[in-house]
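The values are calculated or read from the model by the stated rules, or taken from the named source; none is laboratory data. These numbers were taken from a predicted model, which means no experiment stands behind them. All Cβ positions, even for glycine, are placed from backbone atoms using ideal geometry, and neighbour counts span all protein chains on display.
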Amino acid sequence: MIDGYPLGIPGDPSTRPEAGSVLPVGILDTGCSVRVASMDGLAVAAGVSYVAHDVVNLAMAATLPSARRRGAWQALVQERLTDGPGLPAVAYTNDLTRPGFLRMGFMPVTRLTLWGRD
């Protein structure tokens, strides 16, 4: 997940989270579903879903750069939607995934800017 959606300060590897810290094993005890997509026997994408209040929330997805535009992301979206057949689904996404969500029938509801300060 960290390699697919880099976290930390660009150019400073010391700020990258340690393996297992973004999605710790304990997440499986929370009701979240974690899915992994593979290509050629290698894990290339991961995504989380959570059903609450009759809505499927798609979250924390990332695809390795080498696997992008090869169907792994779309397959993960479709698979996570099966967590709540017939339920509406929401996703907080970035501009890179917007075209894919539009192609899959999602419609934008709002835009959000996150602000940070050191």
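Restricting the first member to the range 52-78 and to residues that are over 15 Å from residue 96 (Cα atoms), and the second to residues that are acidic (Asp, Glu) and modelled with pLDDT of 90 or more, the beta-carbon pairs closer than 7 Å and six or more apart or on different chains are 56/83. Quick one: count up the residues across the range 35-69 that are more than 14 Å from the chain's Cα centre (by Cα) and under 20 Å from residue 106 (Cα atoms). Qualifying residue count for the region: 6.
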